[in-house]
Amino acid sequence: MRDPGLQPERTALAWQRTARAAAVAAVLLLRSGLVRDAPLEIAAAGCAAAVVVLWFVAVRRPPTTGSTRRVLGAAAIAVAAAGVLTAVQVVLLP
């Protein structure tokens, strides 16, 4: 027996978990970047913080297919950018 009303709730809970994880990552990256004077880690913290902002945007907007896809796409880009910046920092600038 399926309950179609549960899908939006599961999606909202997934967004909450992602936003919390991104917030923790942003704080840790920011702290590490400030302690080690690593500008790429600080930029990666900004990307992780952008995911939290996108979560707020997704929560406040009425759910339409196009807007949700744009927000998810922007969040994916922010996560990828944070990963690339952190990898560059670790590999190229030890």
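A short reminder: the numbers here are calculations on the coordinates, not readings from a lab. In this text the structure is predicted, and so the values were computed from the model without any measurement. Heads up, the Cβs are rebuilt from the backbone with ideal geometry, glycines too, and the neighbour counts pull from every protein chain shown.
A few notes on this one:
- Cα convex hull of the chain - mean projected area over all directions, nm²: 6.9 nm²
- Modelled spin labels at Asp37 and Arg69, positioned 7 Å past Cα toward Cβ, are 4.7 nm from each other.
- Approximate spin-label separation Leu28-Ala76, in nm, with each point projected 7 Å along Cα-to-Cβ: 2.4 nm
- Rounded to the nearest 10 degrees, the inclination of helix 65-92 to the longest alpha-carbon principal axis of the chain is 20 degrees.
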